[in-house]
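Report on the structure given below.
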Ligand code: B16
Ligand code: MG
């Protein structure tokens, strides 16, 4: 750890996966769309936007709306969508890292900060393996790690605990409204990626990951 970071207000940066490190949202969309078409349910890209950062079962509930199904049927439908999604992950390679994501990760590590993944996905390790970046992370907190999904803070608090970092000394980089809410609920510095109407509640906001400036995150942490 350098002198600059030892005296800074930040110990760790927790990265969301889908929408921050890589854009698996398109594969989630195609999986849900295929299921919806097979079932004869209406579903389009606009409705898909509501599923950003939302867990698998909660996504299904949002798609189902008022349609009532028994729990076993719902589980089978969610499993079927997941099979479609996992099949599509075979195409994922290191070229699918979002622009600036690898650079930002390396900057954080060079600044002596710990880095973790805080993703709602139960497939996060598979995606990280395919991107060939699993070993870069000091901790991985994913959809298998905790019961309560975003916007509850549990995923991020679990990541912070694994890192031994107090939540107030963690920043979270998130592209979803529910993820920004989870970071704020956990008492962390929230860095939003995307339009103000989606992530405007964050302490800092950028249109995309390539625009993120670590020095601005460190300065914002010092001001808190
Ligand atoms: P799975 P993140 C989230 O990932 C996705 O944004 C969301 O669309 C998906 O439903 C959720 O993971 C669960 O994924 O079905 O693979 O468990 O943005 O939290 O990294
Ligand atoms: Mg996300």
Out of curiosity, is residue 117 surrounded by 15 or more Cβ atoms within 10 Å (Cβ to Cβ) and in a strand (DSSP E or B)?
yes
Residues (surrounded by 21 or more Cβ atoms within 10 Å (Cβ to Cβ) and farther than 23 Å from residue 186 by Cα) located in the range 120-138
123, 127, 128, 131
Picking from 116, 101, 149, the residue that is within 21 Å of residue 188 (Cβ to Cβ), within 14 Å of ligand 1 (Cβ to nearest atom) and modelled with pLDDT under 95 would be 149
Outside any loop (DSSP other than H, G, I, E, B) and within 16 Å of ligand 2 (Cβ to nearest atom) - does that describe any residue in the range 60-67?
yes
Of the residues 25, 76, 36, which is surrounded by 17 or more Cβ atoms within 10 Å (Cβ to Cβ), within 16 Å of ligand 1 (Cβ to nearest atom) and over 30 Å from residue 213 (Cβ atoms)?
36
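One line per residue, one yes/no per condition, for (1) in a helix (DSSP H, G or I); (2) at pLDDT below 95; (3) more than 15 Å from ligand 1 (Cβ to nearest atom):
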position	(1), (2), (3)
128	yes, no, no
160	yes, no, yes
180	yes, no, no
184	yes, no, yes
192	no, no, no
202	no, no, no
Kindly evaluate residue 222 against the criterion of being more than 13 Å from residue 14 (Cβ to Cβ), touching a residue at least 40 places away in the same chain (Cβ under 8 Å) and assigned to a helix (DSSP H, G or I).
yes
Some residue of the range 83-90 being modelled with pLDDT under 95, within 16 Å of ligand 2 (Cβ to nearest atom), buried (at least 17 other Cβ atoms within 10 Å of the Cβ) and assigned to a helix (DSSP H, G or I)
no
Please determine, by comparing only the residues of the range 1-16 that are surrounded by fewer than 23 Cβ atoms within 10 Å (Cβ to Cβ) and part of a loop (DSSP other than H, G, I, E, B), which one is modelled with the highest pLDDT.
11
Any hit, the range 42-57, residues being without any contact (Cβ under 8 Å) to a residue 60 or more places away in the chain, surrounded by fewer than 19 Cβ atoms within 10 Å (Cβ to Cβ) and over 30 Å from residue 192 (Cα atoms)
no
Got a number for residues in the range 68-81 being in a loop (DSSP other than H, G, I, E, B) and touching a helix residue (DSSP H, G or I) at 6+ places or on another chain (Cβ under 8 Å)?
1
Go through (1) touching a helix residue (DSSP H, G or I) at 6+ places or on another chain (Cβ under 8 Å); (2) within 12 Å of ligand 1 (Cβ to nearest atom) for residue 55 and report which single condition fails.
(1)
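The values are calculated or read from the model by the stated rules, or taken from the named source; none is laboratory data. Note that the structure is predicted; figures quoted are calculated from it, not measured. Note that each Cβ is placed from the backbone with ideal geometry, even for glycine, and that neighbours are counted across all protein chains shown.
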